[in-house]
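Data first, discussion second: the structure below is written as structure tokens.
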Amino acid sequence: MDYLAVENASKTFGGGVRALDGVSFSVERDEFFTLLGPSGCGKTTLLRSIAGFADLTEGTITLDGARLDRTPPHRRDIGMVFQDYAVFPHLTVAENVAFGLKARKTPAAESAARVAEALATVRLGALAARLPAALSGGQQQRIGLARAMVIRPKLLLMDEPLSNLDAKLRIELRDEIRDIQKSVGTAAIYVTHDQEEALAISDRICVMNAGRIEQIGTPQEIYADPRTIFVASFVGTMNVTPWDAAGPGFPPGFAPDRAHVWAIRPEHLRIGEGRPGAVAIRGEVDKYTYLGREAHVAVRTPDGRFVIQVADPAPGLRMQPGTPVSVGFDPANALFFDEAGRRVAT
Ligand code: ATP
């Protein structure tokens, strides 16, 4: 049986806003599961429904064999980490972490041991007696994490916990959150609108759009095998071009009949004709963007504008706008989508 099962969840707010529209998925006992999608797609509403801060209009939620949506929030055994840390400023680090145990009337000796263990896990042991105001944002979020974990929840929910941190710290703490989740083995649902974060941290990603699920899959499946044009465009950079059978020189009969647009990643394009059998489109350089490890060359062609990933420094490739080039690629790397945005097999 599924550990967490959300079935046919819908939520309509007053005024007819349908924030969730028939959402179903399941999460395994030790899984790191991420809800990814643009602002307003319903991620937070879904997370709040699981936590018990919001009621579903329709649908059921089951956790470890019990109906969660019929259990009051304080009895759901769920640990929650918030974007804004939500630490109590007048309590020390250790008192913050002990808060949930106190509410559960855990004996003092056991509480002290569990708080020490949770603080060690998030590497805050040395700061136990400090007040949160004397800590950095990253450290405050570690308190949030320790406080959620110390109650040994059945499920850990995290709502954009890294959004308020700077880029470097975000990557550090992201890796740490994943390591901690794997070492304690608690099922986690993580909400983010950052696709790179989702790829890095998740066992599986659920991509949402307008209250519905577009696709659920491993990071590799979501990136390399997107089932809809929405997923293809939302995760990573994708060149999306209207399909015109007379256009870009694919082998005859290669594209599916229902093709409406085709898409290809920058790393699957190259400057130059490439090997025989490859497709080549002629155009001219529009823009060269240096990105450190690599560079992106945007090329304007009669078939559309393409962004191509190249190594940098690439001798001779720091091209001025207007330089004539051809864009080469293997047609097997092209993805086709129908008018409804669904992937069509070649
Ligand atoms: P964000 O990343 O911006 O938090 P989200 O994906 O978490 O976005 P939700 O906050 O779940 O999205 O919102 C989904 C939809 O429901 C949005 O259209 C939002 O405006 C609407 N909504 C959310 N809460 C309410 C509410 N209390 N009353 C009315 N509409 C709401």
Handout entry: Projected label distance in nm at residue 77 and residue 120, using a 7 Å step from Cα toward the beta-carbon
Key = 2.5
Practice task
Work out the FRET efficiency for residue 134 and residue 179 from their Cβ-Cβ distance, taking R0 = 25 Å, and round it to the nearest 0.05.
Solution key: 0.45
Fill in the blank from the handout: For the chain, longest principal axis from Cα atoms; helix 137-150 axis from its Cα atoms; angle between them, nearest 10 degrees, is 60
Handout entry: 15 Å reach of a label modelled at residue 340, 7 Å along Cα-to-Cβ, counting backbone N of segment 204-221
Key = 213-215
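Share of antiparallel DSSP beta bridges in the chain, in percent to the nearest 5?
Working: 52 of 70 bridges.
Within the chain, antiparallel bridges account for around 75 percent of the total.
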Problem - Whole-angstrom gap from segment 55-89 to segment 275-304, using each part's C-alpha centre - result: 48
Completion exercise
Gyration tensor on Cα atoms of segment 35-163, a ≥ b ≥ c root eigenvalues, a/c under 1.5 rounded, else prolate if a/b beats b/c, else oblate, says oblate
Practice task
Excluding residues on the same chain fewer than 8 positions from residue 102, give the aspartates and glutamates whose Cα lies under 13 Å from its Cα.
Solution key: 110
Problem - Folded to 0 to 90 degrees: helix 93-103 orientation relative to the chain principal axis, Cα - result: 70
Exercise for the section: Would you mind classifying segment 178-280 by shape? Square roots of the alpha carbon gyration tensor eigenvalues, ordered a ≥ b ≥ c; an a/c under 1.5 is rounded, otherwise it is prolate if a/b is larger than b/c and oblate if not. Expected result: prolate
Exercise for the section: Would you work out the relative contact order for the chain, in percent, from Cα pairs under 8 angstrom that are 6 or more residues apart? Expected result: 16
Completion exercise
Between residue 330 and residue 200, the FRET efficiency computed from the C-beta separation at R0 = 35 Å comes out, to the nearest 0.05, as 0.80
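Which three semi-axes in whole Å describe the equivalent ellipsoid of segment 238-344, each the square root of 5 times a Cα gyration tensor eigenvalue, listed largest first? Walk me through the intermediate numbers first.
Values: eigenvalues 126, 38, 29 Å².
After diagonalising the Cα gyration tensor, the semi-axes are 25, 14, 12 Å.
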Problem - Descending principal axes extents, the chain, alpha-carbon based, whole Å - result: 74, 46, 37
Practice task
Could you sort 146-157, 329-340, 285-296 so that the peptide with the highest average Cβ count within 10 Å comes first and the rest follow in order?
Solution key: 146-157, 329-340, 285-296
Completion exercise
The alpha-carbon center of segment 243-267 and that of segment 102-176 are separated, in whole Å, by 50
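Divide by every residue of the chain the summed helix terms, -39500 (n - 2.57) for each DSSP H run of at least 4, and state the resulting mean residue ellipticity at 222 nm, rounded to the nearest 500 deg cm²/dmol. Don't skip to the answer; put the middle values down first.
On the way: 8 runs with 85 residues, N = 346.
Only helices count here, giving -7500 deg cm²/dmol.
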Handout entry: Positive-end residue, the chain charge dipole about Cα centroid, Cβ charges, pick of 256, 272, 46
Key = 46
Problem - Contact order relative to length of segment 238-344, as percent, for alpha carbon pairs under 8 angstrom and 6 or more apart - result: 35
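Read-outs: derived from the displayed coordinates by stated rules, not from any lab. Keep in mind that this is a model prediction, so the values were computed, not measured. Glycine gets a Cβ as well: all are built from the backbone with ideal geometry, and neighbour counts include every protein chain shown.
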